[in-house]
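A.B. asks: Supplied in structure tokens, the structure appears directly below.
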Amino acid sequence: MDPAFDCQQCGACCASFRVSFYWAEAESAHGPGTFGVPAALTEPLSPHLLCMQGTNARQPRCAALQGPVGGPIGCTIYEHRPSPCREVMPGDAQCLTARARHGLPA
Ligand code: SF4
Ligand code: SF4
């Protein structure tokens, strides 16, 4: 993790890309109220893929994101976020692309 970037004052990656994942990561695969990505915050992409609501848009913004990009912001389902969200690391290529899209410094 790059200490130069504070994700809780950013959120750019959650408002830049389509966040898609295998359907079994959603709670509906295990029954409501169990574990996994809350099904109500997902939408179908294909027979085997879901995406986070709001991310399959021209100007993506995940429905689980709360707060202004570049200000105090957070993921409301942090413990249950899907795998693509766990892969982005502060300072990596996706992070820098997302920050640039939102006019945030590299
Ligand atoms: S774009 Fe980078 S700094 Fe911003 S929230 Fe994502 S990983 Fe963190
Ligand atoms: S689920 Fe959370 S971490 Fe993933 S894109 Fe949405 S707000 Fe960001």
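The values are calculated or read from the model by the stated rules, or taken from the named source; none is laboratory data. Note that the structure is predicted; figures quoted are calculated from it, not measured. Backbone-built Cβ (ideal geometry, glycine too); neighbour counts: all protein chains shown. Please note that ligands, DNA and RNA were not included when accessible areas were found on the heavy atoms of the full protein model with its side chains. Shrake-Rupley method; radii C 1.70, N 1.55, O 1.52, S 1.80 Å.
A.B. asks: Per 0.36 nm of contour for each residue apart, how much would the distance between residue 78 and residue 24 grow if the chain were fully extended, relative to their Cα-Cα spacing?
C.D. replies: The residue 78-residue 24 span can extend by a further 17.7 nm.
A.B. asks: Near residue 17, within a Cβ-to-Cβ distance under 12 Å, what is the net charge of the other residues, with Lys and Arg +1 and Asp and Glu -1?
C.D. replies: For residues surrounding residue 17, the net value is +2.
A.B. asks: Could you give the alpha-carbon Rg of the stretch 19-106 over 2.2 N^0.38 Å, rounded to two decimals?
C.D. replies: Numbers: Rg = 13.6 Å, N = 88, 2.2 N^0.38 = 12.1 Å.
Working it through for the stretch 19-106, the quotient is 1.13.
A.B. asks: While we're looking at this one, here's another question. Whole-Hz ³J(HN,Hα) for each residue in the stretch 12-23, computed from phi via Karplus 6.51 cos²θ - 1.76 cosθ + 1.60 with θ = phi - 60°, x for glycine and proline: what do you get?
C.D. replies: Those phi angles translate into 4, 5, 7, 10, 9, 10, 6, 9, 10, 7, 5, 4 Hz.
A.B. asks: On average, how much accessible surface per residue is there in the chain, in Å², for a 1.4 Å probe, leaving out ligands, DNA and RNA?
C.D. replies: Numbers: 6280 Å² over 106 residues.
Per-residue value: 59 Å².
A.B. asks: Please sort 65-71, 51-57, 8-14, 19-25 by packing, taking for each peptide the average over its residues of neighbouring beta carbons within 10 angstrom, highest first.
C.D. replies: Details: 65-71: 15.3, 51-57: 19.4, 8-14: 21.6, 19-25: 17.6.
Descending packing order for the listed peptides: 8-14, 51-57, 19-25, 65-71.
A.B. asks: Over the chain, what relative contact order in percent results from Cα pairs under 8 Å that are six or more residues apart?
C.D. replies: Details: 183 pairs, mean separation 38.2, N = 106.
Over the chain, the number comes to 36 percent.
A.B. asks: So what's the stretch 27-67 giving for Rg/Rh, alpha carbon basis, Kirkwood Rh from the mean inverse pair distance?
C.D. replies: My calculation of the ratio gives 1.01.
A.B. asks: Rounded to the nearest 0.05, what FRET efficiency do residue 101 and residue 4 give with R0 = 22 Å and r taken as the Cβ-Cβ distance? Could you check?
C.D. replies: Plugging the Cβ-Cβ distance into 1/(1 + (r/R0)^6) gives 0.75.
A.B. asks: Show me, for the stretch 95-105, the HN-Hα J-couplings you get by feeding each phi into the Karplus relation (A = 6.51, B = -1.76, C = 1.60, θ = phi - 60°), rounded to Hz, glycine and proline as x.
C.D. replies: 4, 5, 4, 5, 5, 5, 4, 9, x, 9, x
A.B. asks: Quick one: what are the phi-derived ³J(HN,Hα) couplings along the stretch 74-88, Karplus 6.51/-1.76/1.60 with θ = phi - 60°, whole Hz, x for glycine and proline?
C.D. replies: After applying 6.51 cos²θ - 1.76 cosθ + 1.60, I find x, 8, 6, 10, 3, 5, 10, 5, x, 4, x, 5, 7, 8, 6 Hz.
A.B. asks: If 48, 80 are ordered by their accessible area, calculated over protein heavy atoms with a 1.4 Å probe, which sequence runs from highest to lowest?
C.D. replies: 48, 80
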